[in-house]
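Q: Mind having a look at this structure? Questions to follow.
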Amino acid sequence: MITRRAIIVCCFVSSVVCAGALANAADAPKKTARILGITQSAGFKHGSVSRKGDQLSPAERAMTDLGIASNLFRLDVTQDVSKITKEQLDNYDIVWFYTTGDLPFDPAVQDYLFKEWVKKKGRGFIGTHSAADTYHNYEPYWEMIGGTFNGHPWNAGDRVTISVHDTNHPVSKPWGEEFEITDEIYQFKHWQPEKVHVLMSLNMAKTKLKKPYQVPIAWVKNYGDGKVLHMSLGHREDVWTNEKYMQSLLGGIKWI
């Protein structure tokens, strides 16, 4: 079942795919979170957010299925931000980005989202993978998210070891104390470790290519009265079929 509000949003925002219908309305929690997913690419376009015809992309499908299976949220997704309004943003609890480049928001809406909306109580932002490769020159964005993409010396085919620093946080708990994964790993500029809680980072000692600095993989932060999560993993399509990865994102949604 898609709510009337979801239908309105779908009709109003071009190129929107509405999803997240509750598997069983009778079993629905009193309040399900509403998530607006933005998977538009104004720079490099990843396979994980590439649609075939009118089908959802792998990342969009994975998040949609997660909402249905968990019965905790519903997802609306768009690859055209140009028609999003402030009023529409206020319908949502969480905004999720898997994006690149300078997205063509209305400037007033863009400022509202990153300077006001995300700082409100009960609101949250989730960035996956290339969300950090977005708005390199727009300081309110990288001030919010905590860092900006600065290359990926560890490429999509590299097998890396990740250390988990906080095994109790809902985002990092599914991974245990350490794990190996094949995925593209970003390093960052505008990195603000003093303003975030790093949950996981690249284990340099167990990774073939070594650098003399920390490479965070996932972090969280309070931002005003809102909450922010960035998860660097997610380049490869098969990562979006990794049960621990999806449980990690679900943990982030619960935390927000």
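The values are calculated or read from the model by the stated rules, or taken from the named source; none is laboratory data. Here the structure is a predicted model, which means the values were calculated and not measured. Note that we place each Cβ from the backbone using ideal geometry, even for glycine, and neighbour counts take in every protein chain shown. Heavy atoms of the whole protein, side chains included, go into the accessibility calculation; ligands, DNA and RNA do not. Shrake-Rupley method; radii C 1.70, N 1.55, O 1.52, S 1.80 Å.
Q: In the stretch 122-142, what residues are open to solvent by 20 Å² or more (accessible area, probe 1.4 Å) and either in contact with a strand residue (DSSP E or B) (Cβ under 6 Å, 6 or more places away or on another chain) or in contact (Cβ under 8 Å) with a residue 12 or more places away in the chain (or both)?
A: GLY122, ARG123, ASP133, HIS136, ASN137, TYR138, PRO140, TRP142
Q: Oh, and also: Among the residues of the stretch 115-125, are any at pLDDT 95 or above, touching a His at 6+ places or on another chain (Cβ under 6 Å) and either assigned to a helix (DSSP H, G or I) or of a type outside the set (D, E, K, R) (or both)?
A: Looking for residues that are at pLDDT 95 or above, touching a His at 6+ places or on another chain (Cβ under 6 Å) and either assigned to a helix (DSSP H, G or I) or of a type outside the set (D, E, K, R) (or both), one finds none in the stretch 115-125, hence no.
Q: Quick one: in the stretch 167-192, which of the residues that are surrounded by fewer than 16 Cβ atoms within 10 Å (Cβ to Cβ) and not in a strand (DSSP E or B) is modelled with the lowest pLDDT?
A: Ranking the qualifying residues of the stretch 167-192, first place goes to GLN192.
Q: Only one of these conditions is not met by GLN110: (1) buried (at least 16 other Cβ atoms within 10 Å of the Cβ); (2) in contact with a Ser or Thr (Cβ under 6 Å, 6 or more places away or on another chain); (3) not aromatic (Phe, Trp, Tyr). Which number is it?
A: (2) is the only condition that GLN110 fails.
Q: Restricting to the stretch 53-65, give me the number of residues that are touching a strand residue (DSSP E or B) at 6+ places or on another chain (Cβ under 8 Å), open to solvent by 10 Å² or more (accessible area, probe 1.4 Å) and either at pLDDT 95 or above or among the aromatic types (Phe, Trp, Tyr) (or both).
A: 1
Q: Oh, and also: Take PHE105 and tell me if it is open to solvent by 10 Å² or more (accessible area, probe 1.4 Å) and not in a helix (DSSP H, G or I).
A: Yes; evaluated as a whole, the condition is true for this residue.
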